[in-house]
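**Student:** Below are the structure tokens for one structure; questions will follow.
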Amino acid sequence: MCIRDSVEVVQIARPVSAGHQLVANDLTITGVAYDGAVQGLVPAASLERLVGRVAVIDLTPGALVQVGMWSDQPALNSGEDRVGAVLAAGRYPAGLARGDVAIAASIDGSTTVSPTEVRIIGVAESVDGKLEVTIAVPAVQSIAIAQLAATDQLLLVGRAAAGAS
């Protein structure tokens, strides 16, 4: 007879589609028995850290959550590309956060790049006080916006959220 240890891990509570941002109700805790080392499963203590992450594959109820099933970046919509930029103070509104909508434009008004509505999908402050952003950009404008970012010509203007008054 083999004596098994058990550990509590995170399990999927209801169907979750790839691209869905995980909420607490999508997840539950379950115990699993094991004979050796448990690797790749998410311990119960990490459940709250999964909330807000994005499923990268379809998840079925009862599946044990494993490393690689989620991403920190929201999924892109059809026709969007992901562009990164590092912006100096004055080139973005204070309080810019993931989920916000902004207008990406060139600092140089003589450019042929039209101001373009973008979604903020990632934000982090860098060590030198600049803001690192990842934006979802319409694919037809992604190269032009990426070139603005790479040449330090990009600025973001905040836009009111839909339904805000």
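The values are calculated or read from the model by the stated rules, or taken from the named source; none is laboratory data. Keep in mind that this is a model prediction, so the values were computed, not measured. Cβ atoms come from the backbone with ideal geometry, glycine included; neighbour counts cover every protein chain shown. These accessible areas exclude ligands, DNA and RNA; they are computed on the full protein's heavy atoms, side chains included. Shrake-Rupley method; radii C 1.70, N 1.55, O 1.52, S 1.80 Å.
**Student:** With charges only on Cβ, +1 for K and R and -1 for D and E, what is the dipole size of the chain about its Cα centre, in debye, rounded to 20? It would help to have the intermediate numbers written out before the result.
**Tutor:** Values: 10 positive and 16 negative charges, 44 e Å.
Here the chain has a charge dipole of around 200 debye.
**Student:** Still on this model: Would you check the accessible area of E125, probe 1.4 Å, heavy atoms only, in square angstrom rounded to 10?
**Tutor:** Looks like 150 Å² after rounding.
**Student:** Here is a further query. Could you size up the charge dipole of the stretch 3-100 around its Cα centre, putting +1 on the beta carbon of Lys and Arg and -1 on that of Asp and Glu, and report it in debye to the nearest 20?
**Tutor:** Its charge dipole is roughly 200 debye.
**Student:** Would you look at the GNM of the chain, springs on alpha carbons closer than 10 Å, and say which of Q39, Q141, Q21 moves the most?
**Tutor:** Of Q39, Q141, Q21, the most mobile in the Gaussian network model is Q39.
**Student:** Restricting to Cα atoms and excluding each atom paired with itself, what does the Kirkwood estimate give for the stretch 1-73 in Å? Present the calculation step by step, with values, prior to reporting the outcome.
**Tutor:** Numbers: mean 1/r = 0.0796 Å⁻¹.
One decimal place: 12.6 Å for the Kirkwood radius.
**Student:** Spelling out what I want: for every residue of the stretch 81-93, take phi, set θ = phi - 60°, compute 6.51 cos²θ - 1.76 cosθ + 1.60 (Karplus), and round to whole Hz; glycine and proline get x.
**Tutor:** 10, 9, 10, x, 8, 10, 10, 7, 3, x, 10, 7, x
**Student:** For helix 139-150, what angle does its Cα long axis make with the longest principal axis of the chain, in degrees from 0 to 90 and rounded to 10?
**Tutor:** 80 degrees
**Student:** Still on this model: Hey, can you grab everything whose amide H is under 5 Å from the amide H of I57? Only 5+ residues off in sequence or another chain; H modelled, so Pro and N-termini drop out.
**Tutor:** G19
**Student:** Here's another thing I want to ask about it. Keeping every protein chain present and rolling a 1.4 Å probe, give me the accessible area per residue for the chain in Å². The partial results should precede the final answer.
**Tutor:** Values: 9540 Å² over 165 residues.
Each residue of the chain exposes 58 Å² on average to a 1.4 Å probe.
**Student:** Let me ask something else about it. Residue by residue through the stretch 111-125, what is 3J(HN,Hα) from phi via Karplus (6.51 cos²θ - 1.76 cosθ + 1.60, θ = phi - 60°)? Round to whole Hz and write x for glycine and proline.
**Tutor:** 6, 8, 7, 6, x, 10, 6, 9, 10, 7, 10, x, 9, 8, 7
**Student:** If S6, S78, S114 are ordered by their accessible area, calculated over protein heavy atoms with a 1.4 Å probe, which sequence runs from highest to lowest?
**Tutor:** Working: S6 90, S78 125, S114 60 Å².
Descending accessible area places them as S78, S6, S114.
**Student:** Then there's this: Dipole size in debye (nearest 20) for the stretch 54-147 around its Cα centre, Lys and Arg Cβ +1, Asp and Glu Cβ -1? Show your work: numbers first, answer last.
**Tutor:** Values: 5 positive and 10 negative charges, 10 e Å.
Approximately 40 debye in magnitude.
**Student:** How big is the stretch 24-165 by Rg and Dmax over its Cα atoms, in Å?
**Tutor:** When restricted to Cα atoms, the stretch 24-165 yields Rg and Dmax of 19.2, 67 Å.
**Student:** Once phi is turned into ³J(HN,Hα) by the Karplus curve 6.51 cos²θ - 1.76 cosθ + 1.60 with θ = phi - 60°, what whole-Hz value does each residue of the stretch 18-31 show in order, with x for glycine and proline?
**Tutor:** Here the 3J(HN,Hα) series is 4, x, 6, 7, 5, 10, 4, 5, 6, 10, 8, 10, 9, x Hz.
**Student:** Multiply the residue gap between T60 and I107 by 0.36 nm, knock off their C-alpha separation, and tell me the result in nm, one decimal place.
**Tutor:** Values: separation 47, 0.36 × 47 = 16.92 nm, distance 4.68 nm.
Stretched fully, the T60-I107 segment lengthens by 12.2 nm.
**Student:** With contacts defined as alpha carbon pairs under 8 Å and 6 or more residues apart, what's the relative contact order of the stretch 1-154 in percent? Could the numbers behind the result be given before it?
**Tutor:** Details: 302 pairs, mean separation 31.9, N = 154.
After rounding, I find 21 percent.
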